[in-house]
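Have a look at the structure below before the remarks.
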Amino acid sequence: MKLITFTATCLLCSLPVLADDAKPSAVDYAMYFQSAIKDSEYCSMKLVSGQLQAVNKISGKLISNPAMTCPDMFSWKLFAEVITDKFWSNWADERQNWPAEPYPLCQAGQKPGASENCCLPGDKNNSKEHCPVFPGEQFTSQLTALAKAKPDKAVEHAKSSELKRHTRLPFHSQLNPLTKVNTAAMLKAHSASTEPANCEAVTVNSQTKNMVPAISKAFKPADPQSIGRVIRQTNAELTVRNQVFHNYLFENNLYNANGALDVFFANQKNMQQDAPYRKTNQSAHDGQPASLVRIDLPSDAVMIKSNWLHKDLAAQLGMDTDANAYASKYLATQINLNALGLSEDPTASCNLEGVHYLVAFHISSKDIPNWVWTTFEHIALPGRCDVTGCNDAYGYSSADARPANTADNYVVPNQQSDNLNQSSIVLHHDAGYPIETIRPEWQKLLSAMNIGTKTSTNAFEPAAANKAWLNYRLKGSQVEYVNAIGQPTFLGNSVTEAGFMDGSSCIGCHSRAGVAALGTKPGDKLDPASSFKHFLALSVFETSLSDFGYFRSHNGIPNPDWYYRDNNSSPEMEVMQADFIWGFLNAQPVVTEKK
């Protein structure tokens, strides 16, 4: 494995710009509120029968709620658990959670097969195209073969219909609150039958060409707003969910738009007919069907959004090109050839296939009702601690030059003078950061779990033991909308939220994920061409601009008026929260005809 280092010039750039008397800058004073130590001083972990347990380092007693008491430590616990579970291959992607043309859930007496177009959890006869699929359960032998395959065979396995991952460009780019959503285009992109051609042989302006060299040259503007934004718009974004999450969707008929709207109407009816009393929310279990009035995932549900950058594009950006420095996988990035000026056809696109490097990923866990939010970035990303800094009280210690007796949890964002006549110290983007040092307890635990102990032998499929996992750092964790004194909390990733990190909040953004009927009555047939309107009543973005001019997501406490009409004589729910899950944007109406 190659641990990435930066030049001495870059290291100097990354330090705060201080006066001779080392007085903090205005940026430093502002960052004081970002650098709060999230973890209690008592936070510690130990490995018991292969499981990480949170304990009080003084008393040795178990910590009852580590997600709240030790959010940074808990973030690293999640990091280890999802790597051990091989989230990149074993977990279900969005097309496997929400099929593009879902069959309905089987009713009593029905079974999937030649005579029934329905889906039954756990049945081996389910259609893999029209029913939810969990790869770690249904494609075990294929995944084992991929992990053991030699390079020439690994590509063949990775491109198979069973193991090919559903990646996409960031969904948010189409969710502009000031324009009408192009639902037809979104449905087309979601359909498996519209897979773009390989960029090595794609028809452009009536000629078949290898567009890879042209893409590598054109994807980065001469003066980009940020390297993170370039990566965000040109990466394979893979969003996956663990088996607990996947099974909840399947068993409770939430893998399709009809089932989600059924919950909306049940909630609406409960409020209008039974107030002030709430109906019991009963998930499907032990053969009993679901009776849901709200979407409420189990406490061990986890979802991950990950960003993978094609190795050739990473090289063009000046990032480290040693495959051993990254967790890497064979994937495809969707390239809009028209947007890059490479085709006159406004719909021209292709898949840039090959080895992709994992550069960033979010983990969200339902361990608390409003979820735990945490994000990790690769040390090669030049802007990884920009805007908000990096905050980690558990896994790695900051390399910043700090005053004596100050905590080592925080990496301050790079600063520079604006060199104006009346000069100010301002943020310095994409300058790179010194590498933090692993803390002894975390190093000992990783070794005990066999994470980051060996050099990779397969660039097409990561392993938990890859030393590359030691090159990822915690950007920060988030467990509440505001802190104890009422300040909004912030969390963003220099790739996933690039361009609008100044004000980004995972919990605030996802609080707007909802289900709405928008004029549809119970029993109405859903129109596939307009089904997305039921899940975008609240946009991902608000009409607030970052300094770059990109729309921001919401931060701070949600507004109750988003969800309920304020009329006590005729109460009506306008949007039902979808348990912070934007993935319902993928939910499609059921199809009843055999395909």
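The values are calculated or read from the model by the stated rules, or taken from the named source; none is laboratory data. The structure presented is a predicted model; accordingly, all values stated were derived computationally and were not measured. Glycine also receives a Cβ, built like all others from the backbone with ideal geometry; neighbour counts cover every protein chain displayed. Please note that ligands, DNA and RNA were not included when accessible areas were found on the heavy atoms of the full protein model with its side chains. Shrake-Rupley method; radii C 1.70, N 1.55, O 1.52, S 1.80 Å.
Classify region 45-151: rounded, prolate or oblate, from the alpha-carbon gyration tensor (a ≥ b ≥ c, eigenvalue square roots; a/c under 1.5 rounded; otherwise prolate if a/b is larger than b/c)?
Prolate, since a/c reaches 1.5 and a/b exceeds b/c.
Roughly how many debye, to the nearest 20, is the charge dipole of region 241-389 about its Cα centre, given +1 on each Lys and Arg Cβ, -1 on each Asp and Glu Cβ, and no other charges?
Rounded to the nearest 20 debye, it is 480 debye.
Restricting to the chain, what percent of DSSP beta bridges are antiparallel, rounded to 5?
Of the beta bridges lying entirely in the chain, close to 95 percent run antiparallel.
Return the carbon/sulfur percentage of the accessible area of region 350-465, one whole number, probe 1.4 Å, all protein chains in place.
Exposed carbon and sulfur together represent 50 percent of the surface.
DSSP loop (so not H, G, I, E, B), at most 13 other Cβ within 10 Å: list which trypsin sites (Lys or Arg not before Pro) in region 29-129 pass both filters.
Lys61, Lys124, Lys128
Quickly estimate the mean residue ellipticity at 222 nm for the chain, helices only: each DSSP H run with n ≥ 4 gives -39500 (n - 2.57), and the total goes over all residues, rounded to 500.
Value at 222 nm, helices only, nearest 500: -5500 deg cm²/dmol.
Using the beta-carbon distance between Lys46 and Glu574 and R0 = 35 Å, what value does 1/(1 + (r/R0)^6) give for FRET efficiency, to the nearest 0.05?
0.15
Quick one: work out the % antiparallel among DSSP beta bridges in region 446-595, nearest 5.
Among the beta bridges of region 446-595, antiparallel pairing accounts for roughly 90 percent.
Over the chain, give the accessible area per residue in Å² for a 1.4 Å probe, as an integer.
45
Could you give the size of the charge dipole of region 431-498 about its Cα centre, using +1 on the Cβ of each K and R and -1 on the Cβ of each D and E, expressed in debye and rounded to the nearest 20?
Rounded to the nearest 20 debye, it is 280 debye.
How would you classify the chain from its alpha-carbon gyration tensor, with a ≥ b ≥ c the square roots of the eigenvalues: rounded for a/c under 1.5, else prolate if a/b is greater than b/c, otherwise oblate?
Judged from the Cα gyration tensor, the chain comes out rounded (a/c under 1.5).
Subtract the Cα-Cα distance of Glu129 and Ile557 from 0.36 nm times their separation in residues, and report this length gain in nm to one decimal.
This chain segment gains 150.1 nm when fully extended.
Cα-Cα over 22 Å: which of Lys38/Lys329; Lys38/Lys61; Lys220/Lys311?
Lys38/Lys329
Compute the separation of the alpha-carbon centres of region 50-83 and region 410-472 and state it in Å as a whole number.
Measuring centre to centre over Cα atoms gives 21 Å.
Calculate, for Ala218 and Gln272, the FRET efficiency according to 1/(1 + (r/R0)^6) with r their C-beta to C-beta distance and R0 60 Å; round to the nearest 0.05.
0.60
State the answer as a single residue: which of Phe541, Ser447, Val495 lies farthest towards the positive end of the charge dipole of the chain, with beta carbon charges of +1 for Lys and Arg and -1 for Asp and Glu, about the Cα centre.
The residue sitting most towards the positive pole is Ser447.
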